[in-house]
Structure formats: C-alpha cells, structure tokens
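First comes the structure, then the notes that go with it.
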Amino acid sequence: MEPSILHELETIIPKERILLDLADRYSYSFDASFGEYLPDLVIQPKDADEICKLVKLANKYLIPVYPRGAATSLSGGPLPVEGGMVLDMSRLNKKLVIDRENLLAIVSPGVITADIHKKAEEVGLFYPPDPSSSNVCTIGGNLLENASGPKGLKYGTTKEYVIGLEVVTPTGELIRTGGKTVKNVTGYDLTRLLVGSEGTLGIVTEAILRLIPKPQAKKTLLAAFSQFIDSGYAITKILSSGILPAAMEIMDQYCIRAVENYQPSGLPLDAEAILIIEVDGHPMAVEEEIRKCEAICWEQQALLVKVAANKSEQDEIWKARKMVSPAIAQMGPTKISEDATVPRDQIPVMMDKLKQIRHKYQLNLVVFGHAGDGNLHPNILTDKRNLEEMKRVEDAISEIFEAAVALGGTLSGEHGIGLLKAPYMEMELGKECLDMMRKIKQAWDPNHILNPGKIFPKPSQTKVVLT
Ligand SMILES: Cc1cc2nc3c(=O)[nH]c(=O)nc-3n(C[C@H](O)[C@H](O)[C@H](O)COP(=O)(O)OP(=O)(O)OC[C@H]3O[C@@H](n4cnc5c(N)ncnc54)[C@H](O)[C@@H]3O)c2cc1C
C-alpha cells in the first residue's frame, strides 16, 4: 500500500486498528473452506461512519474491500482473493436489543448468533435460524449467506426473519431498507436482495430481526435403518402425514462409524442411516406427533427407534449429530464441505448418486445434513498435499453439482456460492439469469471493489480448481 494512501487511511481509522504485520494479515487469509489469500491490510472499523469513509477511499484508489464476520464460511465468502483490505466486522457487536412489544431484535452485525438465541429465549421469544456454527459465527455472516440449519425445515431461513437493514453501499453511502413493520411494500424489496448477497452488494451495519413466541414443548427421537432407502421412505411418509417436524437430520453409515470411533455413544454400526427427528409446539400436539413419527419409522423397517424421555436424553441424541463434524475431521487433514440440495423426494436418488461418486473416485465421501428440506452435506475428507487425489476431488465435486442440478436441485442450500461454486453458476441459472445478476452488481458496485472474485465466474472458469 502506497504511503500516501496509508496516510489518508490513518485520518479515518486510528493506527492501532489498521493491521499491516504479516502475522496479523496471515490470520485473516483463510476461512473454514479451502485456500489462503493474503490481504494487503486488515481494518477493524467500529461504526458505520468509519465504514462509509473507508469505502469512499477504496473507490477513489480502487482497493478491493472484503467484509468478514467470524470467517466460518464454507464457500470462501470472506477470502481476500484479490488482496486489498479485509474489513473485520467483529468490533461492530455492541447492539443487541430485544423489543418485546414488536417481537423484534435490533442487532449489530458482529453479534454472535447464539447470543441472539439466548437473549430472545430469556423473554420467551425465539429466533429460529440455527446454523450449527451459531456459537461462533456472526449474525452479519448469517445475513449475507442467508444461513439456516436444522430448523430451516419448519421455520425457514434467515431471510424470513430480516425486516430491515442499515447498509453501507459499495460507493460509500449509508442507506436503510425496510423497517420495524412486519408489512412493508414500499418500493423494491432491497432487504431481500441484500440478504444472501454474500457481501457483494453492501456492508450491513445493523439489522432488524423478527422474533416469534418460543414453542412450549419439544420431543426428539433417533431412528436407525439398515437400508438407506427405508430412511428416505420414512422421511416422505412423515412429511405427507400432516406433521411438520422442527428438524429432520440424517447421517450416513460413514458418519455413524466416524462418530463411534471418535466418541463411542452406542450408535448401531450396522445401520446405513440414522434420522434425528424433533417436533415442537403445544405439549399435547407434540406428544401425539412424536408417537406418530415413531410408528412410521417402525413401519419403515427401522432397526431401532428411541424417543428421548427428558432433556438430557434429548441432548444425548443431538450430541451424535453435533459430533459429526469433529469426528469426520479425523479422517483427513483437508475437509471440503458441500451443500448441494435436492427436492426432498429426490434424496434417495441423490444418496445413490453420491455412493457412485464415492466409488468412482475412491474418496472418503461422507454424507449428513438436513434431510427434511433436501439439504445434504456431502463432505470429502482428503489431504491437499496429495495432488493426484485433489484432481479426483475436483472431478467428484463437479459431478456432485451436476447431479444436484439435474435432479431439479441447487448448488447450495445454505453455505453460499463464494469462491468455490462460482464456476457452476451458469449451469444452474442459465446465461440470461446470470447476466441479470451481473447487471445488478454493476449498478450497485460500478468499480467492483466489494468482495470481488466472488459469486461470478471468471470468463474461462468452468470447474473448481483446487490444485
Ligand atoms: C462447523 C461449521 C458448521 C456450519 N454449519 C452451518 C449450518 O448449519 N448452516 C449454515 O447455513 N451454515 C453453516 N456453516 C457456515 C457458516 O457458519 C455460515 O455461512 C455463517 O453464516 C458465516 O458467518 P460468519 O460470521 O463466519 O461470516 P464469514 O464467514 O466471515 O462471512 C460470510 C460472508 O458474509 C460476508 N459478510 C460477513 N459479515 C458481513 C457484513 N457485516 N456485511 C457484508 N458482508 C458481510 C463475507 O464477506 C462473506 O461473504 C457452518 C460452518 C462451520 C465451520
């Protein structure tokens, strides 16, 4: 960075919040996905006013700007692929106000998602989006990725709960979208456009979130199946029986074995699939619904069905699911997590396809995820130093995306496109639709300074390159 630009920068941000040391910059060069990209500098802004000035300066000197929450992105969202400045948004974490009368939470982007859950529940309210990373990720990252989690099946994704935003535009103006009213049809719905835009259209500096009353009761069961296909039938039968579970999670046999190796908890090793089902609502309805789910699982040849009798048994069941990520991480130093999503009646077909891909490319490919909404998480455990294997990983990933799109699904249900899935955008959207998105980007960010290198493929990019 030229000394004169740095000097100008120091008139906006004090020196101690401008990080230039290699060690500091290295700490901001990766996320939870793949690849490392060193930024030229890291800025730690503390309010919207500083961000407006920074973005104006970035436009003047054409410096790429990369907003970053907690960097738990699994698609390369905050990676500074073209250098420039990383904006560490974690210091904008002061506001977390619960407005009980209006059933709202007003939050700064750096607030940790689990803190919103906790604060809402203290007053009998509920913020449903629950990414598994919620103890560490920021609400800003959730908004920009349109994150969700197990409860997406019944309650939907982050976008269903955002009714207003304060945003610094890519040209450095501060705007507000939406507001505190649940209904608002004034003009284009820019809130919805910005949620899920992966930091390419604006920097969120405040958000108004909708809360709902906390369900009075919940019940959880675990069912194991010796045949994967039977778990698929159980899912469709439950969903067509008039029950909408709060969560319906699936683990394949490789995940089951990995969890048992990592921390034995009595999961049946001969099972091809485990389902975890949770229902919530009025206590009487919940009791009736969990018994109906139990009966359907037995009808579909379950090996085992266990309904949790109390909170500690409930936690025990969820522990098996939460253990999947750390357990499979033992299978290889490099973990590549995808989240190709298919219409839920296509889950058995997609699972079969994933089995074929595993066999064809001889990879450690395991599958878990949110079965109720078709959002599978095929994970490949590999070693990035093994270049020959990485080539097979690249081909396997391409085939996973092709299969999901061919089945009427999508490249990503919740992790976003970021860097890694950009080459496949045209395959899902078609040229015209992708061009329309490019025009929106061009109109908002004429100098292409905000999160460049993301979402849109480079001209010759047709597949992911990991080597
Ligand atoms: C173990 C694990 C489990 C996970 N489970 C889930 C899950 O169940 N469901 C799910 O949806 N995701 C999951 N994720 C992915 C990840 O946690 C989410 O995408 C999360 O929303 C990212 O939040 P973050 O604060 O880490 O954001 P980052 O990773 O730092 O950034 C994400 C994107 O948002 C942009 N951004 C961040 N803050 C702002 C801001 N204020 N303004 C503008 N742009 C901004 C960044 O540029 C980037 O494009 C998981 C990740 C891990 C590692």
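Quick one: which of G453, G372, G418, G408 is part of a helix (DSSP H, G or I) and either more than 20 Å from the chain's Cα centre (by Cα) or touching a residue at least 24 places away in the same chain (Cβ under 8 Å) (or both)?
Checking each option against the conditions leaves just G372.
Looking for something over 16 Å from I336 (Cβ atoms) and either open to solvent by less than 20 Å² (accessible area, probe 1.4 Å) or in a loop (DSSP other than H, G, I, E, B) (or both) - is there at least one such residue anywhere in the range 391-402?
no
Would you be able to tell me the number of residues in the range 129-145 that are more than 6 Å from the ligand (Cβ to nearest atom) and surrounded by fewer than 24 Cβ atoms within 10 Å (Cβ to Cβ)?
Matching residues across the range 129-145 total 4.
Among the residues of the range 175-194, how many are within 12 Å of the ligand (Cβ to nearest atom) and among the β-branched types (V, I, T)?
Number of matching residues: 0.
Table: residues versus (1) of a type outside the set (G, A, S); (2) in a loop (DSSP other than H, G, I, E, B); (3) open to solvent by 50 Å² or more (accessible area, probe 1.4 Å).
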residue	(1), (2), (3)
R291	yes, no, yes
A309	no, yes, yes
E313	yes, no, yes
I317	yes, no, no
R321	yes, no, no
A327	no, no, no
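Could you grab me the full set of residues in the range 421-450 that are without any contact (Cβ under 8 Å) to a residue 12 or more places away in the chain and open to solvent by less than 40 Å² (accessible area, probe 1.4 Å)?
G430
Among the candidates L96, L20, which residue alone is open to solvent by 70 Å² or more (accessible area, probe 1.4 Å) and either touching a strand residue (DSSP E or B) at 6+ places or on another chain (Cβ under 6 Å) or among the β-branched types (V, I, T) (or both)?
L20
I'd like the residue in the range 408-453 that is of a type in the set (V, I, T) and within 14 Å of the ligand (Cβ to nearest atom) and, out of all such residues, is nearest to G76 (Cα to Cα).
For the range 408-453, the residue satisfying everything is I417.
Within the range 152-169, can you find the residues that are within 12 Å of the ligand (Cβ to nearest atom) and among the basic types (K, R)?
Within the range 152-169, K159 is the sole residue that qualifies.
Okay, residues lined up against (1) over 21 Å from E313 (Cβ atoms); (2) modelled with pLDDT under 95; (3) open to solvent by less than 50 Å² (accessible area, probe 1.4 Å):
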site: L244; (1), (2), (3): yes, no, no
site: A258; (1), (2), (3): yes, no, yes
site: P268; (1), (2), (3): no, yes, yes
site: D280; (1), (2), (3): no, no, yes
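Based on what the data block shows, is K384 of a type in the set (K, R), touching a residue at least 40 places away in the same chain (Cβ under 8 Å) and under 21 Å from K159 (Cβ atoms)?
No, not satisfied.
Can you name the residue in the range 276-330 that is in contact (Cβ under 8 Å) with a residue 40 or more places away in the chain and small (G, A, S) and is also nearest to K237 (Cα to Cα) among such residues?
A302
Consider V349 against the criteria (1) open to solvent by 60 Å² or more (accessible area, probe 1.4 Å); (2) modelled with pLDDT under 95; (3) in contact with a strand residue (DSSP E or B) (Cβ under 9 Å, 6 or more places away or on another chain): it satisfies all of them except one. Which criterion is unmet?
(3)
Pick out the one residue from G369, G374, G409 that is touching a Leu at 6+ places or on another chain (Cβ under 6 Å), of a type in the set (G, A, S) and not assigned by TED's automatic domain parsing to the domain that holds S75.
G369
Give the number of residues within the range 99-128 that are crowded, with 18+ Cβ neighbours inside 10 Å and aliphatic (A, V, I, L, M).
Residues meeting the conditions: 8.
Of the residues K118, K94, only one is of a type in the set (D, E, K, R) and closer than 21 Å to A246 by Cα; which?
From the options K118, K94, the qualifying one is K118.
Any idea which of G149, G172 is outside any strand (DSSP E or B), within 8 Å of the ligand (Cβ to nearest atom) and open to solvent by less than 10 Å² (accessible area, probe 1.4 Å)?
After ruling out the rest, the residue left standing is G149.
The values are calculated or read from the model by the stated rules, or taken from the named source; none is laboratory data. All figures in this text were calculated on a predicted structure; none of them were measured in a lab. All Cβ positions, glycine included, derive from the backbone under ideal geometry; neighbour counts span all protein chains shown. To get the accessible areas, we keep the full protein, side chains included, count just its heavy atoms, and leave off ligands, DNA and RNA. Shrake-Rupley method; radii C 1.70, N 1.55, O 1.52, S 1.80 Å.
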